[in-house]
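Since the structure comes first, as structure tokens, the remarks are kept for the end.
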């Protein structure tokens, strides 16, 4: 065997020292207390943004005297389903959704009616405000037709979610009614207050409404008692002395006693203020055209427009003159309601 060369021996010693020196350097400090440590800045993951809280509506249920609280859009579904036939055209239902949503938003942002509300409630479920029914009530009402009717109404509401009617950037008084006499009414001709977007417009589609014509019969004594008049046995049973821009009765004179058309409608519980009457024997037969106060959007008119291919935005801008469709912000509603 050949003796190892000095160069090889030296290289071997260096290699051994390269492994042992780090261990020698570390070992003396293994029992020492750590005073500090190299920190590392970690990337901070952004927190997920929470969804904005949904505006809720507290509805006073008149039959149970309880309060039902639900999201605003669900409330609108219950109103549209209660206020307009579900078999109407979807574009008419969408127009109704805007009217219903505008009404509740205006109501929530106003404080004028809150003192008369039951504690904890925002709105009633009757014609005092808007008629509202929940899912279980609609199931009972619609029976086997519930699924398709509810789906149709819910789609109409969803497709217009957050949209309201505004005039000069403020929510409007989105009044609506069933059937006109062929014209809608100026607001001031029924409510006395002039509202620029509630003007009389033609509504010829209403003639096809099943509620366009109606009759009501009163005995002579009942008629006299309700109106506080005495028509006697003669042929003079009153005179229409003026009509409104919507061709409805503005004023009537009965034996020197004057009435507004609205007073006659309310005292005799008539369907509209477009009325006339005749005397037959011991009876007064009153004939009316249309159903409702006549101000704002006609529901049967809206459906007639939809059948002709008009979209919901065309319907609402026809019946509410000079208005815009705007998006409502949940935060704005909640802030204003407080």
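Among the criteria (1) modelled with pLDDT of 95 or more; (2) within 22 Å of residue 323 (Cβ to Cβ), the one residue 77 does not fulfil is (2). For segment 163-178, state whether one or more residues are under 17 Å from residue 85 (Cβ atoms), in a strand (DSSP E or B) and touching a residue at least 24 places away in the same chain (Cβ under 8 Å). The answer is yes, given that some residue of segment 163-178 is under 17 Å from residue 85 (Cβ atoms), in a strand (DSSP E or B) and touching a residue at least 24 places away in the same chain (Cβ under 8 Å).
Kindly indicate whether any position in segment 97-115 is over 16 Å from residue 157 (Cα atoms), assigned by TED's automatic domain parsing to the domain that holds residue 327, surrounded by fewer than 24 Cβ atoms within 10 Å (Cβ to Cβ) and at pLDDT 95 or above.
no
The listed residues are 230, 235, 253, and the only one of them that is surrounded by fewer than 18 Cβ atoms within 10 Å (Cβ to Cβ), outside the structural domain of residue 173 (by TED's automatic domain parsing) and touching a strand residue (DSSP E or B) at 6+ places or on another chain (Cβ under 7 Å) turns out to be 253. Based on what the data block shows, is residue 195 at pLDDT 95 or above and under 22 Å from residue 300 (Cα atoms)? No.
Among the residues of segment 206-213, are any surrounded by fewer than 20 Cβ atoms within 10 Å (Cβ to Cβ), in contact with a strand residue (DSSP E or B) (Cβ under 9 Å, 6 or more places away or on another chain) and either modelled with pLDDT under 95 or farther than 25 Å from residue 80 by Cβ (or both)? Yes: one or more hits.
In segment 64-74 there is no residue matching the filter, namely being touching a helix residue (DSSP H, G or I) at 6+ places or on another chain (Cβ under 7 Å), modelled with pLDDT under 95 and closer than 27 Å to residue 316 by Cβ.
The values are calculated or read from the model by the stated rules, or taken from the named source; none is laboratory data. Values in this document were obtained by computation on a predicted structure and should not be read as measured data. Positions of Cβ are generated from backbone atoms using ideal geometry, with glycine treated the same way; all protein chains shown enter the neighbour counts.
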